[in-house]
Amino acid sequence: MNILVVGGGAVGKSVSRQLAKDKDNQVTIIDFELESQQKNPLNGVKWVSGDATDRSVQVAAGAETADVFVVATGDDQANLVASMIAKSEFNVPKVIARVNHPKNSPLFIDSWGVDLAVSTPKTLTTLIQDAVAIDKIVPVFDFAQSGSKLLKYTIGPDSSYIGQKNSGSAREQFELPANTVFVALTRQGKTYEPNESVIFEAGDELLFLAHSFGM
């Protein structure tokens, strides 16, 4: 998956570092600074120097083939302009924007090219991982006292699970630890009990509860 991240500051780097852990992701940072000026360059992340509100810079970074465009700078105006260019010029499927000042939140809408607006860095990282995670198990919530995790698996359009019936065994069917429980299925905005009559469809989001899941 081709992911562009605008902003090489602490937030942009944190997001890029997490996304680059997945070898299926090709991550590129766009930032004013040169990569040679960075004290701690990121392994496996491409760096393009320039202004992301400039169409030619987005072209150089690969916006024409981007799957996800993330704007994570501390400048809301720059975030909005970069988002609009990515959506209107390159029709990037998913544009996710950081909102720095609450008063600007009403501007971060689809008419400005923003599919998803996020106000905190931690939430930004979580939602981006969620947005690009298809046919993969991703953690969505930690239960601190019990050590358990809530996990999500999104069935992609080419998944081998499409048309399969729920076997009733999350461990066997999805190759998860034995202590994992299939707790819910969401489909087109509705939530279903994961009984054995369920037949999986593309786009289904499966929620699992696991204890001490190694991630």
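The values are calculated or read from the model by the stated rules, or taken from the named source; none is laboratory data. Predicted model, so just to flag it, every value in this text is computed and none were measured. Every residue, glycine among them, receives a Cβ derived from its backbone with ideal geometry; neighbour counts consider all protein chains shown.
Residues in region 175-213 that are within 19 Å of PHE141 (Cα to Cα) and not small (Gly, Ala, Ser): how many?
18
Restricting attention to region 7-26, does a residue exist that is of a type outside the set (Lys, Arg), touching a helix residue (DSSP H, G or I) at 6+ places or on another chain (Cβ under 8 Å) and modelled with pLDDT of 95 or more?
No, every residue in region 7-26 fails to be of a type outside the set (Lys, Arg), touching a helix residue (DSSP H, G or I) at 6+ places or on another chain (Cβ under 8 Å) and modelled with pLDDT of 95 or more.
Is one or more of the residues making up region 58-80 within 13 Å of VAL114 (Cα to Cα), surrounded by fewer than 19 Cβ atoms within 10 Å (Cβ to Cβ) and assigned by TED's automatic domain parsing to the domain that holds GLY8?
yes
Does region 141-166 hold any residues that are among the hydrophobic types (A, V, I, L, M, F, W, C) and free of Cβ contacts under 8 Å to residues at least 40 places away in the same chain, and which are they?
PHE141, PHE143, ALA144
Take the residues in region 33-62 that are over 16 Å from SER16 (Cβ atoms) and of a type in the set (A, V, I, L, M, F, W, C); name whichever of them is modelled with the lowest pLDDT.
Ranking the qualifying residues of region 33-62, first place goes to LEU34.
Please list, ordered by first then second residue, the pairs with beta carbon atoms under 6 Å, 6 or more apart or interchain, first in region 3-32 and without any contact (Cβ under 8 Å) to a residue 40 or more places away in the chain, second basic (Lys, Arg) and surrounded by fewer than 24 Cβ atoms within 10 Å (Cβ to Cβ).
THR28/LYS46
Hey, among the residues in region 175-193 that are of a type in the set (D, E, K, R) and surrounded by fewer than 10 Cβ atoms within 10 Å (Cβ to Cβ), which one's modelled with the highest pLDDT?
Ranking the qualifying residues of region 175-193, first place goes to LYS190.
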